[in-house]
Amino acid sequence: MPIEPHDKGVDYVELAAPDFAPVKAFYGEVFGWEFTDYGPEYCGFEDGRLAGGFRKAEPREGTSLVVLFARDLEATEAAVKAAGGTISREIFSFPGGRRFHFRDPVGNDLAVWSLPAE
């Protein structure tokens, strides 16, 4: 089922990956993403709300940061570690919630945030 575009909202996220197998395994296991291969140079994904893709390229440090949401931040952090991600910044508080940063198995920088702990 196609995802309905949100006017003036982020519509698509594209990340780099030199190899699609590790990112498909990682994001499928941790976040439940589904994938569609579009040849050897591109792999699309859907998370149920947002679509995106991985293009065949090396990630570069310091590029845009994609921030995901999780209701259980600690469980998600543990799942990221167990699936081969590397925590680059442990859980910390910020106005409005808490988050951590990680690198996926091919080196993309992402973060996961959650609402403040009660």
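Every number in this text was worked out from the coordinates using simple rules, so none of it is lab data. Remember, it's a predicted structure, so these values are computed and weren't measured experimentally. In this analysis, Cβ positions are derived from the backbone assuming ideal geometry, glycine residues included, and neighbour counts consider all displayed protein chains.
The table below gives the values:
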quantity: Between 0 and 90°, nearest 10: helix 20-31 axis offset from the chain longest Cα axis; calculated: 40 degrees
quantity: Listed residue (LEU115, LEU15, GLY39) projecting farthest to the positive dipole end of the chain, Cβ model; calculated: LEU115
quantity: For the chain, the longest site-free run once trypsin sites (Lys or Arg not before Pro) in DSSP loop states with at most 13 other Cβ atoms within 10 Å are removed; calculated: 72-118
quantity: Of all DSSP beta bridges in region 12-114, antiparallel share, percent nearest 5; calculated: 70 percent
quantity: Integer Hz, Karplus 6.51/-1.76/1.60 couplings in order for region 50-66, x for Gly and Pro; calculated: 10, 9, x, x, 10, 9, 5, 6, 7, x, 10, 5, x, 7, 3, 9, 8
quantity: Net charge of neighbours whose Cβ lies under 14 Å from the Cβ of GLY44, counting Lys and Arg as +1 and Asp and Glu as -1; calculated: -4
quantity: Helix-only [θ]222 nm of the chain, DSSP H runs n ≥ 4, -39500 (n - 2.57) each, per residue, nearest 500; calculated: -5500 deg cm²/dmol
quantity: Spin-label model distance (nm) - ARG55 vs TYR12, 7 Å beyond Cα toward Cβ; calculated: 1.0 nm
quantity: Overall Cα dimensions of region 33-82, principal axis frame, Å, largest first; calculated: 35, 27, 21
quantity: Rg and Dmax [Cα atoms of region 12-114; Å; Rg one decimal, Dmax integer]; calculated: 13.1, 42
quantity: Nearest-0.05 FRET efficiency for TYR42 and ARG71, computed from C-beta distance (R0 30 Å); calculated: 0.45
